[in-house]
Amino acid sequence: MDSLKIVTFNIKCDWKTDSINSFMHRAGLVFEKVMKEMPEIILFQEIKAEHLELLRRMFPEYDFYGHFREKDYSGEGLYTAVLKSRIQLLGYDSYWLSPTPYVPGSRFENQSECPRICITTKLRDKKTGKIFKTLNVHLDHISDEARIEGIKLILDRAAKERKYENIPLIIGGDFNAYPDSETIRYCNEYDKIELHDITDKIGATFHDFGSEAVKIDYIYVTKDILPYVKSTGIWDDSNAGIYLSDHYPVYAIIEN
C-alpha cells in the first residue's frame with residue numbers, strides 16, 4: 001500500500017528577534033528537512049506573511065491553503081500545505097473559534113486577545129483515490145475553558161458533517177494543552193466521533209529552543225484511519241543550537 005506522511009508544524013511566528021533561532025536563520029534547516037522528508041501534508045501554525053512568502057518560494061512543490069486570523073486577515077495564521085503531485089484539493093473551509101464562526105476576528109469571551117481559527121481541507125490521494133479531511137488547529141494559549149470551547153466547536157461541526165458525508169478525519173495542531181488537561185480529556189472522551197490520539201507515546205513537543213520539554217502538539221484520527229497508522233514521531237533536528245522551531249514538528253505515517 002502507498003503511505004502518506006502528515007506533519008503538524010508550529011513554525012513560530014517570530015521572524016528576526018530570537019537570536020540564532022530567528023526564522024531567517026532556521027529557514028535553511030527547515031528547507032533541508034522538508035525536502036528530505038517530502039511529507040504529503042504539512043499543517044503549519046503561526047505562519048506570518050514573511051514566512052508564507054518565503055515558504056512558497058522554498059517549496060513550489062506545495063500548494064498552501066489558509067489565511068491569517070485577525071479581523072482584517074493580517075497577523076499570524078494557519079496554512080495547510082499539500083504536495084501537488086500527490087494530493088488534490090476537493091474542498092476548503094475556514095472559520096473562527098467563536099460563537100460567530102464566520103465573523104472575521106471573532107473570539108470567545110473568556111479567550112486571550114488572539115483570535116483562533118480552524119482550517120479544514122477535503123483532500124483526495126491521487127495514487128489511491130481515497131478521500132479524507134484534515135483539520136488544522138491552534139487553540140488558545142491562555143484559557144483551558146477557551147480551548148475546550150474551541151475544540152468542542154471544531155468537533156461538533158465535524159460530527160455534523162459526518163452525518164451526511166462520512167469521511168475519515170485527521171485533526172492536528174498546537175492544542176496548547178498538556179496530556180492531563182481538561183482539553184485533552186475532552187478530546188479523548190468525545191462521544192459523537194470516536195477519536196484516537198496517535199501521538200500519545202511521542203513525549204515532549206514544545207521545547208522553547210532546548211530549554212523546556214512538554215507535550216502540547218497532537219494528531220488525532222478517527223477510528224476508520226487508526227488501523228492504517230504505521231508510525232509517529234517528531235523531527236528533533238538541530239544544528240549548532242539552531243532548531244527547526246521552538247516546537248518539534250510531529251509526524252504520522254499512514255497507509256492509504
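The values are calculated or read from the model by the stated rules, or taken from the named source; none is laboratory data. The model shown is predicted, which means the values in this text are computed figures rather than measured ones. As a convention, Cβ positions derive from the backbone with ideal geometry for all residues, glycine included, and neighbour counts pool all protein chains shown. Accessible surface areas use protein heavy atoms only, side chains included; no ligands, DNA or RNA. Shrake-Rupley method; radii C 1.70, N 1.55, O 1.52, S 1.80 Å.
Listing for the model above:
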| quantity | calculated |
| --- | --- |
| In region 173-199, residue nearest to K160 (Cα to Cα) [restricted to those that are open to solvent by 20 Å² or more (accessible area, probe 1.4 Å) and among the charged types (D, E, K, R)] | K192 |
| Of all residues making up region 149-172, the number that are in contact with a Ser or Thr (Cβ under 7 Å, 6 or more places away or on another chain) and either among the hydroxyl-bearing types (S, T, Y) or surrounded by fewer than 20 Cβ atoms within 10 Å (Cβ to Cβ) (or both) | 1 |
| Residue among T80, T134, T128 that alone is part of a loop (DSSP other than H, G, I, E, B), in contact (Cβ under 8 Å) with a residue 24 or more places away in the chain and among the β-branched types (V, I, T) | T128 |
| Residues located in region 117-131, provided they are under 20 Å from G66 (Cα atoms) and open to solvent by 10 Å² or more (accessible area, probe 1.4 Å) | T120, K122, R124, I131 |
| Index of the failed condition, L54 passing every other in (1) assigned to a strand (DSSP E or B); (2) of a type outside the set (G, A, S); (3) touching a helix residue (DSSP H, G or I) at 6+ places or on another chain (Cβ under 7 Å) | (1) |
| Answer from E109, E70 - the residue that is modelled with pLDDT under 95 and either among the hydrophobic types (A, V, I, L, M, F, W, C) or surrounded by fewer than 18 Cβ atoms within 10 Å (Cβ to Cβ) (or both) | E109 |
| Members of region 83-107 found to be part of a loop (DSSP other than H, G, I, E, B) and within 17 Å of the chain's Cα centre (by Cα), listed by number | L97 |
| Within region 1-10, considering residues that are modelled with pLDDT of 95 or more and of a type in the set (A, V, I, L, M, F, W, C), the one farthest from K130 (Cα to Cα) | F9 |
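Residues checked against (1) closer than 24 Å to G210 by Cβ; (2) open to solvent by 20 Å² or more (accessible area, probe 1.4 Å); (3) not basic (K, R):
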residue	(1), (2), (3)
K12	yes, yes, no
S22	yes, no, yes
V30	yes, no, yes
K33	yes, yes, no
E37	yes, yes, yes
L43	yes, no, yes
K48	yes, yes, no
H51	yes, no, yes
